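Right, one structure below, let's go through it.
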Amino acid sequence: MANNTLTADVIASASLAILENELGILKTMHRAYEDEFTEKVNGYNIGDTLSIRRPADFTVRSGAAASNQDVIEGKVQIVLDQMKGIDFSFTSTELTLKIEDLSERVLKPAMSSLINDVARDVFSEMYKSSYEVVNCATTGATTAPDNTKRIDSFAKFTCAPERLDLCAVPTSDRAAGLHTADNWGMIGAQTGLFNGGLVNSAYTDGNLGRVGGMDTYASQVMPTHTVGPLGGAPLINGASQNVTYDSVKNTWSQSLITDGWTAAAASRWLRGDTFTIANVFKVNPKTKVSTGVLQTFVVLADVSSDGLGNLTASISPPIIIAGPHQTVNAAPADNAAITTTIGGAANAQHRQNLAYHRTSMALAFAPLVLPQGAVNPTRKTYKNMSVRLIPYYTGSTDVSAWRLDILYGRKAIDPRKISRFTSG
């Protein structure tokens, strides 16, 4: 029986099926906004940006007397700005194959590389936007092959869901992503338990499953954060650096003025660095009562000190001391001490494991346009995922080149529902 020559349409369909199957941990992300990117208004697509409402919050009154409060809704934007692809080529002889052969030899490794790169990008963005940080692996932890401390017990692991509870994050739809070193540290801990099913799953399959109320995944693309150079003894420069929710409702960030740094030094803080401020405590988001835990803040962009050791950083969460969206018990005092967390050592590296609620992070794929100048381009969409395949041919060498592209956007839409639990 004669072989069939594989077309762009066939290859795109096979690639899409493999891509969807390889999603793995990315299936725990919120993906409810993808349909809106393909909707048309007056015959036109909405564009590459979608605004998502940030939910309003309220204070509770005591007694019969009414106390009206404004309903203030913020918004957060998710932008389709990430384009990735795989490029490959075949001779005519190679294209005259069964699709099963091509899928096994070429498409599976290509799609695996592509989706792992997407996952790396998504989790890097996710951790750099989140400020709830807990150092779980400390003294007494076993060491990974690189001689770093790792999470190796249920007690260390539970610091993550405990922090989610402290932040009033719903207990349903929680997930956790573990760096491979910490995943194997946890698996080693499970094999000593008396639960036969759990031990068998950990020992034979290397699978943790559901732990601490979270669907737990291991991933080799979980990020490692490098702390900035730091330097000096940083302090808050000026009291009353608090803001109102109305002024930050769309960014969930603010500027913080500090001093006491080593003068004229590049990138004292790097994006993703976290810190606490003396006597500034987290409040319960529902009751607005201090939790007794220092609020951790995240640096949103690399920042350097000036010639006098001053530094102004963009940070999150904003310092809100009253109202429905209150974040802390009090504004920092002038000259309040600043302590960098995630281990606190300059230039140190720490693995970033993540515990999160499904609605904390949005991931959206959208179909790319088929260029008018392309010959026989094709696009396939399945479960709101889309791949585009464009062939182009070189006659002198009888080689068909193919470019496969995807377009997506990602955004931490509610960083309050993410907990970074570090190790290393």
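The values are calculated or read from the model by the stated rules, or taken from the named source; none is laboratory data. The structure displayed is predicted, hence computed values, not measured ones. Every residue, glycine as well, gets a Cβ built from its backbone with ideal geometry; the counts of neighbours run over all protein chains shown.
Quick notes
- Hey, Ser316 of a type outside the set (A, V, I, L, M, F, W, C) and modelled with pLDDT of 90 or more or not: yes
- In summary, Val10 fulfils each of the numbered conditions (1) of a type outside the set (S, T, N, Q); (2) more than 21 Å from Val118 (Cα to Cα); (3) modelled with pLDDT under 75 with the single exception of condition (3).
- Any chance Ala160 is of a type in the set (Gly, Ala, Ser), in a helix (DSSP H, G or I), over 25 Å from Val299 (Cβ atoms) and modelled with pLDDT of 75 or more: no
- Just one of the numbered conditions (1) surrounded by fewer than 19 Cβ atoms within 10 Å (Cβ to Cβ); (2) at pLDDT 85 or above is not true of Glu132: (1).
Residue-by-condition table, conditions (1) crowded, with 17+ Cβ neighbours inside 10 Å; (2) of a type in the set (Gly, Ala, Ser); (3) under 30 Å from Asp215 (Cα atoms):
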{"residue": "Ala322", "(1), (2), (3)": "no, yes, no"}
{"residue": "Pro332", "(1), (2), (3)": "yes, no, no"}
{"residue": "Asn347", "(1), (2), (3)": "no, no, no"}
{"residue": "Gln352", "(1), (2), (3)": "yes, no, yes"}
{"residue": "Pro367", "(1), (2), (3)": "yes, no, yes"}
{"residue": "Pro371", "(1), (2), (3)": "no, no, no"}
{"residue": "Tyr382", "(1), (2), (3)": "no, no, yes"}
{"residue": "Thr394", "(1), (2), (3)": "no, no, no"}
{"residue": "Ser400", "(1), (2), (3)": "yes, yes, no"}
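- Within the set Ala233, Ala266, Ala239, the sole residue that is within 29 Å of the chain's Cα centre (by Cα) and exposed (fewer than 15 other Cβ atoms within 10 Å of the Cβ) turns out to be Ala266.
- Lone unmet requirement of (1) on the phi > 0 side of the Ramachandran plot; (2) without any contact (Cβ under 8 Å) to a residue 24 or more places away in the chain for Ala322: (1)
- Residue match in region 106-123 (condition: part of a helix (DSSP H, G or I), modelled with pLDDT of 75 or more, basic (Lys, Arg) and touching an Asp or Glu at 6+ places or on another chain (Cβ under 9 Å)): yes
- When Ala364 is tested against the conditions (1) among the small types (Gly, Ala, Ser); (2) over 22 Å from the mean Cα position of the chain (by Cα); (3) more than 29 Å from Thr291 (Cα to Cα), the lone failure is (2).
- The listed residue being modelled with pLDDT of 95 or more and touching a strand residue (DSSP E or B) at 6+ places or on another chain (Cβ under 8 Å), out of Val293, Val289, Val298: Val298
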